[in-house]
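The values are calculated or read from the model by the stated rules, or taken from the named source; none is laboratory data. Here the structure is a predicted model, which is why all the values come from computation and not from measurement. Note that each Cβ is placed from the backbone with ideal geometry, even for glycine, and that neighbours are counted across all protein chains shown. Quick note on the areas: whole protein, heavy atoms, side chains included, nothing else; ligands and nucleic acids left out. Shrake-Rupley method; radii C 1.70, N 1.55, O 1.52, S 1.80 Å.
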Amino acid sequence: MKKQTLLLTGGCGFVGHHLVEGVLKQTDWDIVILDALTYAGNLNRLTNISLWDNEKHRVKFVWHNLNSPISETIHKMIGNIDYVWHVAAESHVENSINDPIPFAYNVVSVTNLLQYLREKQPNLQKYIGFNTDEVFGPAAEGIYHSEDFKFNPSNPYSASKGGQWCMEYAFFKSFQMPIVMVHSMNIYGERQHPEKFIPMTINKVLTGEKIVLHGIKGGKCSSRCWIHAREVCNGLIYLTSIGVMGESYNIVGEEKDVLDIANRISIAITMKPLEESKIEWVDFHRTRPGHDSRYALSGKKLKKIGWIPTFSIDDSLGKTVRWSIQSENKRWLNL
C-alpha cells in the first residue's frame with residue numbers, strides 16, 4: 001500500500017513543529033514542510049523533538065513564502081502529496097494592530113496554496129485549514145461559540161483568519177476540493193515563542209518581575225480556552241481520517257482565566273501561587289484595543305463524532321512549565 005504524504009505549512013513554527021512530532025509518533029506518513037522561516041519559525045525546533053534522529057528521513061523541508069505563488073520548481077521539490085494541513089500564518093494580535101498590512105497576506109497565502117493544490121495536486125485526499133476562535137469575537141458569559149456562529153472579528157489578525165476560512169469554503173464550493181476547516185484556541189506547549197502569555201509568565205516568575213494581568217483585582221479577568229499542541233495534533237489526525245468535506249470543527253480545550261493560569265505556573269515553579277505584590281492589574285480595553293476579554297468555543301460537534309482531548313490542563317501545563325525551566329531547555333524562553 002502506498003505510503004501517505006502530508007504537506008504541512010508552517011512546520012517550523014511553535015504549533016507546526018508539535019504537529020511534526022505527533023505525526024512521526026502516531027502515523028507512518030512522510031512529511032513535507034513548507035515554511036518561510038519568519039521570526040516565528042525555527043528549524044532548531046525540529047532537531048529538538050523526540051524521535052528526530054531516528055525519523056528525520058521521513059521529513060523534507062522546502063523553503064517558500066506563500067505570499068507568492070508556488071512555482072514549478074517548488075512543486076517538483078514538494079512532489080505528490082495526499083494531505084495538507086495549512087498552519088502557516090501571521091498570528092500575533094499586537095503585531096496586527098501595530099501593522100495590519102502583513103496580516104492581509106494570510107488571505108493571499110491561502111489563495112496561492114489552494115490554487116496550487118487545485119492545479120497541481122489532483123490526487124489530494126484531504127485539506128485541513130487551521131483557524132482561530134478569535135474569528136467569532138468576544139463570547140458573553142455562559143456562551144460557547146459553535147462552528148455555525150457568525151464571524152465577528154475585533155482586530156486585523158482575526159479578520160484575516162476569517163478571510164482565510166471564507167476562501168477555503170469558496171474553493172470547496174466552487175471546485176469541490178476536499179476541504180475541512182478547524183478552529184482552535186490558545187495553544188501552549190514546549191518551545192513556544194516567548195512573546196506569548198505562558199512562556200512570558202514563566203520568565204517573569206523566574207526573574208521575580210510583576211506579571212501583568214488584564215482584569216480587576218478580586219473580580220473578573222480575561223478568560224480563554226487552553227489546549228496543548230499535542231492535543232491539537234491528535235484532533236487533526238482524527239479529522240484527516242473522518243472529517244466531512246466543507247464542514248468546520250472546533251478543537252477545544254479547557255476554559256481558565258489568566259489569573260488561574262498564572263497561579264498554576266507559579267505553583268509549578270515556586271510551589272505556591274502568586275503573591276498579590278507580584279501582580280499588576282490593568283484595564284483590559286484601555287491597554288489592549290482590538291482584543292476581547294473572553295473567547296470560548298464549543299467542542300460538542302467533534303465530541304459527537306468521537307473525539308475529545310485525552311489529558312487535562314492540570315497535567316499538561318505543569319509538565320510544560322517544568323520542561324521549560326530545565327537548564328537544557330531554558331534557551332527557548334529567551335529566543
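Each Cα pair under 8 Å and six or more residues apart adds its sequence gap; the mean of these over the residue count of the stretch 190-313 is a relative contact order of 37 percent. Every Cα-Cα pair in the stretch 224-321 was counted, and those over 20 Å apart are 52% of them. Debye-formula intensities of the stretch 163-311, expressed as log10 I(q)/I(0) at q = 0.11, 0.21 Å⁻¹, are -0.54, -1.29 (one equal scatterer per alpha-carbon, no solvent).
What is the gain in length, in nm to one decimal, between Thr207 and Asn80 on full extension, counting 0.36 nm per residue of separation less the C-alpha to C-alpha distance? Intermediate results must be reported in sequence, preceding the final value.
Details: separation 127, 0.36 × 127 = 45.72 nm, distance 4.89 nm.
Here the segment from Thr207 to Asn80 would lengthen by 40.8 nm.
Between 0 and 90 degrees, the angle of helix 258-270 with respect to the longest Cα principal axis of the chain falls at about 80 degrees. Rolling a 1.4 Å probe over the protein chains gives Ile97 an accessible area of about 70 Å².
The Cα center of the stretch 217-241 and the Cα center of the stretch 143-163 differ in position by 16 Å.
Beyond 20 Å, the tail of the calculated P(r) for the stretch 102-248 holds 59 percent of the Cα pairs. Note down the relative contact order for the stretch 83-200 as a percent, whole number, built from C-alpha pairs under 8 angstrom at least six residues apart. After rounding, I find 33 percent. Multiplying each eigenvalue of the alpha-carbon gyration tensor of the stretch 205-246 by 5 and taking the square root yields semi-axes of 37, 16, 6 Å, largest first, rounded to whole angstroms.
What's the FRET efficiency of Ser50 with Glu195 using the Cβ-Cβ distance as r and R₀ = 35 Å, to the nearest 0.05? After rounding to 0.05, the efficiency reads 0.90. In the chain, the longest principal axis of the Cα atoms and the axis of helix 313-324 are about 90 degrees apart.
Heavy-atom accessible surface of the chain, averaged per residue, reaches 44 Å², computed with a 1.4 Å probe. Computed from the Cβ-Cβ distance with R0 of 35 Å, the FRET efficiency linking Lys319 to Phe151 stands at 0.55. Take every Cα pair under 8 Å whose residues are at least 6 apart in sequence, average their separation, divide by the length of the stretch 1-74, and the relative contact order is 33 percent.
Across the accessible surface of the chain, with the other protein chains kept in place and a 1.4 Å probe, carbon and sulfur atoms take up 54 percent.
Against the chain, whose longest principal axis comes from its Cα atoms, helix 101-120 is set at around 30 degrees. Packing order of peptides 7-15, 78-86, highest average first: 7-15, 78-86 (average count of other Cβ atoms within 10 Å over each peptide's residues).
Solvent-free Debye calculation, one equal scatterer per alpha-carbon of the chain: log10 I(q)/I(0) at 0.07, 0.12 Å⁻¹ equals -0.28, -0.84. With a cut-off of 12 Å on the backbone N, the residues of the stretch 192-206 near the modelled label site 7 Å out from Lys330 along Cα-Cβ are 203, 206.
Which value in deg cm²/dmol, rounded to the nearest 500, describes the helix-derived mean residue ellipticity at 222 nm for the chain, given -39,500 (n - 2.57) per DSSP H run of n ≥ 4 and division by the residue count? Intermediate results must be reported in sequence, preceding the final value.
Details: 13 runs with 134 residues, N = 335.
Mean residue ellipticity, 222 nm, calculated: -12000 deg cm²/dmol.
Mind giving me the FRET efficiency for Lys60 and Lys303? R0 is 30 Å, r the Cβ-Cβ distance, nearest 0.05 is fine. That pair, Lys60 with Lys303, gives E of 0.30.
Exactly which GluC sites (Glu not before Pro) in the stretch 230-335 are in a DSSP loop and have at most 12 other Cβ atoms within 10 Å? Write down the numbers at each step before the final one.
Details: sites: Glu231, Glu247, Glu254, Glu255, Glu275, Glu276, Glu280, Glu328; in loops: Glu247, Glu275, Glu328.
The qualifying sites are Glu275, Glu328.
Step through the table entries Lys210/Lys300; Lys126/Lys150; Lys217/Lys303, compare each Cα-Cα distance with 32 Å, and write down the pairs that go over it. Intermediate results must be reported in sequence, preceding the final value.
Values: Lys210/Lys300 38 Å; Lys126/Lys150 25 Å; Lys217/Lys303 36 Å.
Flagged as over cut-off: Lys210/Lys300; Lys217/Lys303.
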